[in-house]
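The values are calculated or read from the model by the stated rules, or taken from the named source; none is laboratory data. Note that the coordinates shown come from a computational prediction; the quantities given were computed from them, not determined experimentally. Backbone-built Cβ (ideal geometry, glycine too); neighbour counts: all protein chains shown.
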Amino acid sequence: MADFGTDFGATDTVAAQSLTNSTREKLRQLVARIEKLEEEKKSIADDIKESYAEAKTFGLDSKVLRQVIRIRKQPRQEREEQEQIRDLYLHALGEI
């Protein structure tokens, strides 16, 4: 590999020195907040995964349940328009 003479350590030092104290503090706060949110996101994702597993224990199809959740997020009018277009396509293909 070519050595372009880049010294990232020196660059980091210069960049850190060019930030004001208040900017550095804001950066620390933002990083801490993002890390906390990432932890919460993982926890929520685990809870959702457990809920789908629970649904399976009742004999529910998790794939269909995911579709239901996705559909319910859409506004009714948008959902109805998509259903009409889907039905049109399926009818044109001779599927319905």
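The listed residues are 60, 30, 65, and the only one of them that is assigned to a loop (DSSP other than H, G, I, E, B), surrounded by 10 or more Cβ atoms within 10 Å (Cβ to Cβ), over 16 Å from the mean Cα position of the chain (by Cα) and not aromatic (Phe, Trp, Tyr) turns out to be 60. Across segment 4-27, the qualifying residues are those that are outside any helix (DSSP H, G or I) and modelled with pLDDT of 60 or more, and the one among them that is surrounded by the most Cβ atoms within 10 Å (Cβ to Cβ) is 19. Taken over segment 68-96, the criterion of being farther than 25 Å from residue 52 by Cβ, not hydrophobic (A, V, I, L, M, F, W, C) and not in a helix (DSSP H, G or I) is satisfied by 94, 95.
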